[in-house]
């Protein structure tokens with residue numbers, strides 16, 4: 001499953017669902033949490049369930065409310081019968097949160113085979129930072145792993161997570177990096193967080209390029225206009241793919257070699273692994 005771009009849509013705005021699905025995003029996230037006021041939760045649940053019951057064009061997730069807010073079960077009850085492709089869990093705190101959500105899901109589903117995968121937002125509480133390594137224990141239940149840069153500073157009384165030029169301050173760089181490594185340790189998609197400046201196209205392109213450079217496999221979006229630049233950033237260029245193919249071909253032609261030269265540069269086993277990964281993204 002390719003997950004370069006995952007586009008959020010407020011669950012109480014059903015008129016936007018089809019537009020989001022047609023945006024080019026690899027997945028859409030129908031949100032029942034932050035973008036929906038308490039008064040609109042029931043209406044949002046109904047709208048999301050109705051949409052899920054129809055024909056879907058893309059992978060469709062539902063972001064439920066956090067486990068400590070006593071609304072998760074109501075969210076699951078409302079939408080699980082329509083079989084969302086995955087559940088996004090905010091304010092997750094490691095494997096125990098996944099297991100707790102699974103208990104709720106199993107109470108509403110006939111068998112484990114019909115359980116949707118889970119995409120945790122893994123850094124929204126201080127305690128969550130210390131549980132990132134535990135996602136390996138529940139990797140078979142995960143669609144991927146992502147992080148957030150808004151709830152965590154609010155939780156600890158920080159004034160911001162960013163420098164004046166938009167870069168993350170050091171604590172949130174740590175949270176981002178740990179999420180990246182935790183995702184790869186679990187063998188699941190590493191999804192970078194949103195870029196909040198909708199009108200800053202250059203900033204978005206730079207951020208998405210950095211995310212791919214660092215090892216993220218995709219990124220979340222908050223507006224349809226962000227989808228195309230994100231997809232472009234996470235799709236190798238023709239030049240990248242050609243060089244990767246040259247490396248793969250060189251090792252195929254020299255099966256006993258540990259080190260080779262390609263275009264005048266030394267390549268070895270890590271380069272071969274990276275080349276194969278680039279080709280998997282290009283296809």
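Scanning the range 153-185 for residues that are surrounded by 18 or more Cβ atoms within 10 Å (Cβ to Cβ), touching a strand residue (DSSP E or B) at 6+ places or on another chain (Cβ under 7 Å) and part of a helix (DSSP H, G or I) yields a total of 5. Of the residues 143, 132, the single one that is buried (at least 18 other Cβ atoms within 10 Å of the Cβ), in contact (Cβ under 8 Å) with a residue 24 or more places away in the chain, under 19 Å from the mean Cα position of the chain (by Cα) and over 21 Å from residue 32 (Cβ atoms) is 132. If I filter the range 219-227 for residues that are without any contact (Cβ under 8 Å) to a residue 40 or more places away in the chain, exposed (fewer than 15 other Cβ atoms within 10 Å of the Cβ) and either in contact with a strand residue (DSSP E or B) (Cβ under 8 Å, 6 or more places away or on another chain) or under 27 Å from residue 179 (Cβ atoms) (or both), do I get at least one hit? Scanning the range 219-227, I find at least one residue that is without any contact (Cβ under 8 Å) to a residue 40 or more places away in the chain, exposed (fewer than 15 other Cβ atoms within 10 Å of the Cβ) and either in contact with a strand residue (DSSP E or B) (Cβ under 8 Å, 6 or more places away or on another chain) or under 27 Å from residue 179 (Cβ atoms) (or both), so the answer is yes.
Table: residues versus (1) at pLDDT 95 or above; (2) farther than 24 Å from residue 100 by Cβ.
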{"residue": "37", "(1), (2)": "yes, yes"}
{"residue": "44", "(1), (2)": "yes, no"}
{"residue": "58", "(1), (2)": "yes, yes"}
{"residue": "70", "(1), (2)": "no, no"}
{"residue": "79", "(1), (2)": "yes, no"}
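In the set 138, 188, which member is in contact (Cβ under 8 Å) with a residue 12 or more places away in the chain, surrounded by 14 or more Cβ atoms within 10 Å (Cβ to Cβ), in the same structural domain as residue 101 (by TED's automatic domain parsing) and over 20 Å from residue 221 (Cα atoms)?
So the residue among 138, 188 that is in contact (Cβ under 8 Å) with a residue 12 or more places away in the chain, surrounded by 14 or more Cβ atoms within 10 Å (Cβ to Cβ), in the same structural domain as residue 101 (by TED's automatic domain parsing) and over 20 Å from residue 221 (Cα atoms) is 138.
Of the helices (runs of 4 or more DSSP H) lying entirely inside the range 4-112, those carrying at least 3 residues that are in contact (Cβ under 8 Å) with a residue 24 or more places away in the chain, in the same structural domain as residue 178 (by TED's automatic domain parsing) and more than 20 Å from the chain's Cα centre (by Cα) are 41-52, 72-79, 95-106. Looking only at the range 228-278, how many residues end up being buried (at least 17 other Cβ atoms within 10 Å of the Cβ), touching a strand residue (DSSP E or B) at 6+ places or on another chain (Cβ under 6 Å) and farther than 30 Å from residue 6 by Cα? Residues in the range 228-278 being buried (at least 17 other Cβ atoms within 10 Å of the Cβ), touching a strand residue (DSSP E or B) at 6+ places or on another chain (Cβ under 6 Å) and farther than 30 Å from residue 6 by Cα: 3 in total.
The values are calculated or read from the model by the stated rules, or taken from the named source; none is laboratory data. All values reported here derive from a predicted model rather than from experimental measurement. We place every Cβ from the backbone using ideal geometry, glycine too, and count neighbours over all the protein chains shown.
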